[in-house]
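Encoded as structure tokens, the structure appears first; notes follow it.
The values are calculated or read from the model by the stated rules, or taken from the named source; none is laboratory data. Nothing here was measured: the structure is a model prediction, and the numbers come from that model. All Cβ positions, glycine included, derive from the backbone under ideal geometry; neighbour counts span all protein chains shown. Ligands, DNA and RNA are excluded from the accessible area calculation, which covers all protein heavy atoms including side chains. Shrake-Rupley method; radii C 1.70, N 1.55, O 1.52, S 1.80 Å.
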Amino acid sequence: MNEMNIDIKHIARLARLEISDDEFEMFESQMKDIVKMVEKLPDISDELKPDPNTPMILRKDEAKTDKFTRDELLKNAPSVKAGCLAVPKTVE
């Protein structure tokens, strides 16, 4: 098996993560270990695949509107203006 080259600086830049120079080697090693582990995973046999004749039955989605009051929810918000959550502007 060839030694893989994982560019942690590039990955961090794409993910907009700040990683210090002394952490790059550690993260590169951990990422290589993860990739090696995934490469060793066995293929899924046909008997382990879901049976199309017996589909999963999912629960019905039901909104519960009486669980919390508006004031209870807003007291946990970092910023509230005019009874609404105030969030930072993302589009200029």
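Points worth noting:
- C-alpha long axis of helix 21-40 to longest principal axis of the chain, angle in °: 70 degrees
- Accessible surface, per residue, of the chain when the full set of protein chains is kept, probe 1.4 Å, Å²: 104 Å²
- The share of accessible area on the chain that comes from carbon and sulfur is 55 percent, using a 1.4 angstrom probe.
- Amide proton proximity set for VAL80, modelled H, under 5 Å, gap of 5+: ALA86
- For the chain: span of alpha carbons on each principal axis (Å, largest first): 60, 52, 25
- Modelled FRET efficiency - R0 22 Å, LEU85 with ASP61, Cβ distances, 0.05 increments: 0.45
- Mean ellipticity per residue at 222 nm, deg cm²/dmol - from DSSP H runs of n ≥ 4 across the chain, formula -39500 (n - 2.57): -10500 deg cm²/dmol
- Distance from the stretch 2-28 to the stretch 30-92 (C-alpha centre basis), Å: 26 Å
- Given +1 at the Cβ of Lys and Arg, -1 at the Cβ of Asp and Glu and no other charges, the dipole of the chain around its Cα centre is 760 debye to the nearest 20.
- Phi-based couplings in Hz for the stretch 57-68 (Karplus 6.51, -1.76, 1.60; Gly and Pro marked x): 9, 8, 5, 6, 6, 10, 6, 9, 8, 9, 6, 10
- Potential extension, GLU72-ASP22 segment - 0.36 nm per residue separation minus Cα distance: 13.6 nm
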